[in-house]
Amino acid sequence: MTDPAEPSPHESHPWKLSMSGLDLSTLAASESLFTLANGHIGLRGSLEEGEPRAVPGTYINGFFEERPLPHAEAGYGFPESGQTVVNVTDGKLIRLYIGDSPFDVRYSTTQFHERTLDLRSGTLERRTEWTSPNGSSIRVTSRRLVSFTQRALAAISYEVESLDGDVYVALQSDLLANEPGAAPSHDPRNGASLDRPLHAELAACRDQRATLVHRTLRSDLLVAAGMDHVLEVPDHVQTTIEAAGDLARFTVTARLPRGTKLHLVKLIAYGWSSRRSAPALRDQVEAALAVGRLAGWQGLLEGQRHFLDDFWSRADVRIEGDPGLQQAVRVSMFHVLQAGARAEGQAIGARGLTGLGYDGHTFWDAETFVLPMLTYTIPRAARDHLMWRHLTLEQARERARELGCEGAAFPWRTIDGRECSGYWPAGTAAFHINADVADATARYLAATGDTEFETNCGVELLVETARLWASLGHFEGALFRIDGVTGPDEYTAIVDDNLYTNVMAQKNLEEAANACERRPDVALRLGVDAAEMRRWREAADAVVLLYDDQLGVHSQSEGFTSHDEWDFEGTEPQMYPLLLHFPYFQLYRKQVIKQVDLVLAMHLRGELFSPEEKARNFAYYEARTVRDSSLSAATQAVLAVETGHLELGYDYWAEVAFVDLGDTLDNAGDTLDNAGDGLHIASMAGSWLVAVAGFGGMRDHGGRVTFAPRLPPALTRIRFQMTFSGRVVLVDTRRNGSASPEETTYELLEGDAIRTWHHGEPVDLEAGAPVTLPVPAAPEVEPVHQPFGRAPRRRQPQP
């Protein structure tokens, strides 16, 4: 018996992510990275044979089980139940037997084993050459997709070839519910463990097709999974089909002469509902299977490629000078696309559909980090997420009433719109999520001009969140203050006048008033009158922005800059993330920042700060930010570039891009094991954000898109496309060598003429008339410093 071939690191192919060999210690992380999803269905990248595997995972967006949410001490307004995404019926399984030997790459002799995620075709490919204990050699080739064009469908092409003689093979193609999951974790960021959450309701099979329907016991949701098969074999074959309880199985036995192949195409369909009956769901997935059978494997492949060709033509980021970073950015963008492309009425979770991390919940990071990329690359996906927020407005209104407020209070973490956070200081108190929803809504409207969405959803989202701020804040003389809230920095909680919260609430109030003036018909329907709009504007004009005159910086919140300093030099590296090793009591009363807070305000509301204020603020808060969240580094990169720290921005970009690929995980708060619990979708969107808002200098303040591009010394080119106002614009910044001056070419690829800005100068773009402009030299700046031991790893591009 020999081990599989020695695993290789991820190869830096510009459009593929490959891994050779098998490393059981990183199996969970590789399963996350090799996940295929379309926003509705998510299949973790485990092997078709089912073993070895770390975390079995098949997820349907919006499908969850409820669980009790106990509190050590109960309090009014504390949620009583939580929600956890369910690992639903696994349709990926295709078990293979060679003679009487199960095919398992951990045993006998594996000559070759490689898996590849192809970002252009949207497929996961695998090729393995293996010799069984009885000496028979085979080649297994599989290719898997989760369809972007047929939302309910996934498919697997599975091929077995005899290499050195006649062999008897058996395939068992399964639907399996209630698979044993991963071991429970004590990390609060990981998901809860559910024991057999699915109760069998219906099983049916005929010919080569089978369907299972299950129900959750507490949330009372139904899920149906179906499979069908297309079989090609060179010789006599026997097949059987059975379905009962938690298992449906299609079995194929055949003899393969040397050099011949058995080829199986497995079609998999999913559907779920809170209202429909089990027979109706069975019929739904069987109809989806019929569509898949008509389209065929080749038709599904062609549809997948066409969808992705269109996406990359509008969204691609091209990097020259760092092949590894190029690969990482595209892998990140692909996974962000998979998280939201066909969500259609459901949310984008913090881990997408890649794992159980955070119980499958959606947080504020969807609006703040993920939706900017989707808005400017595939806007209908951003629209879908915002429509889900609108669908949950009634729950948000009910939560606001429970909290003694007006308007709508969106949950800190949720699957179906109800609050699931059991920790008030870093949950419900983070009211800024409501302004984040409004910010994403305003950005989408400005970028698309979508009047239908504005009429049916957008204005109402802005109005109800504005009403929350009007009731949550209060006037103290001429000042409008917002007390007792938590900003993005979860190491500083329950504070007065958190600057980020205040400036985002200010924008929310302004955008609501503007929307009502723009659409008086909708304002009338929502009961908004001139007096209410006037109160919003008065509050927005009077919002407190705290400033420490002695230090010459803005204060993150009332009294923050007078707090005691954290002892960074006395904190051992293994004590990060601090939340797992220190009581919140110590964190809350020190100047230690988990993730950017005021610095994020300078990105999203940059028009409120002068360049000098940004530089001083960035230096001050950089020295106190430990990045115990994967959300932090992207914004630090953006502000580093804006304030002239180009190499630091480049280092942070690498940290963001490789957070799940494994290069820099030990330098941030998250760990490789954490990546195995699912990918950090917001951080992956941050890879795009650094390219476009960081080194592209893109800002969209007031709905006006401007650019201020620059290159880090290590790169010779950054080129990207983005969609706004019905146009597709290309921005291409390059230099011919390290000593050559930089220049940027702007080109209108689609749409009518438009004006943008380059480092403050207007640029008028027309189709077929690219404009090339010089890039001003970056200002000379004094270096900034990070907390002891928390500087980002220096990025050294590999040739």
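The values are calculated or read from the model by the stated rules, or taken from the named source; none is laboratory data. This is a predicted model, so every value here is computed, not measured. Here Cβ is always computed from backbone atoms with ideal geometry, including for glycine, and neighbour counts include all displayed protein chains. The protein model used for the area step is the full one, side chains on, heavy atoms only, and it has no ligands, DNA or RNA in it. Shrake-Rupley method; radii C 1.70, N 1.55, O 1.52, S 1.80 Å.
A few comments on the model shown:
- Gyration tensor (alpha-carbon) shape descriptor, the stretch 386-432, a/c threshold 1.5: oblate
- Only helical runs count toward this figure. For the chain, summing -39,500 (n - 2.57) over DSSP H runs of n ≥ 4 and dividing by all residues gives -8500 deg cm²/dmol at 222 nm.
- Rounded to the nearest 20, the Cβ-based charge dipole of the chain about its Cα centre (Lys and Arg +1, Asp and Glu -1) stands at 1700 debye.
- C-alpha long axis of helix 323-340 to longest principal axis of the chain, angle in °: 90 degrees
- Between the Cα long axis of helix 459-472 and the first principal axis of the chain there is an angle of about 60°, rounded to the nearest 10.
- Global form of the stretch 213-321, assessed from the alpha-carbon gyration tensor, a/c cut-off 1.5: oblate
- Span from the the stretch 521-586 Cα centroid across to the the stretch 31-103 one, whole angstrom: 36 Å
- When 263, 306, 113 are compared by accessible area at a 1.4 angstrom probe, the order from most to least is 306, 263, 113.
- Accessible surface of residue 378 - all protein chains present, 1.4 Å probe, nearest 10 Å²: 10 Å²
- On a per residue basis, the stretch 377-484 carries 31 Å² of accessible surface, using protein heavy atoms and a 1.4 Å probe.
- Projecting the Cα positions of 412, 591, 74 onto the charge dipole of the chain (unit charges on Cβ atoms of Lys, Arg, Asp and Glu, taken about the Cα centre) puts 412 furthest along the positive direction.
- Estimated at the nearest 10 Å², the accessible area of residue 471 is 40 Å² with a 1.4 Å probe.
- Karplus-derived 3J(HN,Hα) values for the stretch 586-599, using 6.51 cos²θ - 1.76 cosθ + 1.60 with θ = phi - 60°, are 6, 5, 5, 10, 10, 7, 9, 10, 5, 8, 4, 10, 4, 5 Hz; glycine and proline are entered as x.
- Residue-by-residue Karplus 3J(HN,Hα) for the stretch 774-789, coefficients 6.51, -1.76, 1.60, Hz, glycine and proline x: x, 9, x, 5, 5, x, 7, 9, 6, x, 9, 10, 9, x, 3, x
- Between the stretch 432-486 and the stretch 193-215, the Cα center-to-center distance that results, in Å: 43 Å
- Part-to-part distance (alpha-carbon centres) for the stretch 262-307 and the stretch 362-404, which is given in Å: 29 Å
- Sorted largest first by accessible area at a 1.4 angstrom probe radius, with every protein chain in place, the residues 81, 12 fall in the order 12, 81.
- Accessible surface of the chain, 1.4 Å probe: 49 percent of it comes from carbon and sulfur atoms.
- For the listed peptides 83-89, 702-708, 480-486, a ranking on the average number of other beta carbons within 10 Å per residue, highest first, reads 83-89, 480-486, 702-708.
- Residue-wise HN-Hα coupling along the stretch 616-626, computed from phi with Karplus coefficients 6.51, -1.76, 1.60 (Hz; x: Gly, Pro): 5, 4, 4, 5, 5, 7, 4, 6, 10, 9, 9
- In the context of the full set of protein chains, residues of the stretch 142-271 present 40 Å² of accessible surface per residue (probe radius 1.4 Å, heavy atoms only).
- Highest-first arrangement of 500-509, 602-611, 651-660, where packing means the average Cβ count within 10 Å: 651-660, 500-509, 602-611
- Solvent-accessible surface (1.4 angstrom probe) belonging to residue 564, in square angstrom, nearest 10: 100 Å²
- Distances between placed amide hydrogens fall under 5 Å for residue 724 paired with 729, all partners being 5 or more residues away or on another chain.
- Direction-averaged projected area, Cα convex hull, the chain: 34.1 nm², rounded to one decimal.
- The stretch 267-386 shape via C-alpha gyration tensor axes, a/c threshold 1.5: oblate
- Proximal lysine pairs, the chain, alpha carbons under 21 Å, eight or more residues apart or interchain: 4
- Under the combined filter of DSSP loop state and at most 13 neighbouring Cβ atoms within 10 Å, the stretch 101-142 retains these trypsin sites (Lys or Arg not before Pro): 106.
- Folded to 0 to 90 degrees: helix 646-657 orientation relative to the chain principal axis, Cα: 40 degrees
- Unit charges at the beta carbon, dipole of the chain: most positive-side option, 137, 546, 778: 137
- Long-range HN-HN contacts of residue 791 with modeled amide H, under 5 Å: none
- Put simply, the amide H of residue 543, placed in the peptide plane, has neighbours under 5 Å in 480, leaving out anything fewer than 5 places away on its chain.
- Neighbour cut-off at most 12 other Cβ (10 Å), DSSP loop, chymotrypsin sites (Phe, Trp or Tyr not before Pro), the stretch 71-154: 76
- Across the options 695, 682, 724, the greatest Cα extent toward the positive end of the charge dipole of the stretch 609-728 (unit charges at beta carbon of Lys, Arg, Asp, Glu) belongs to 724.
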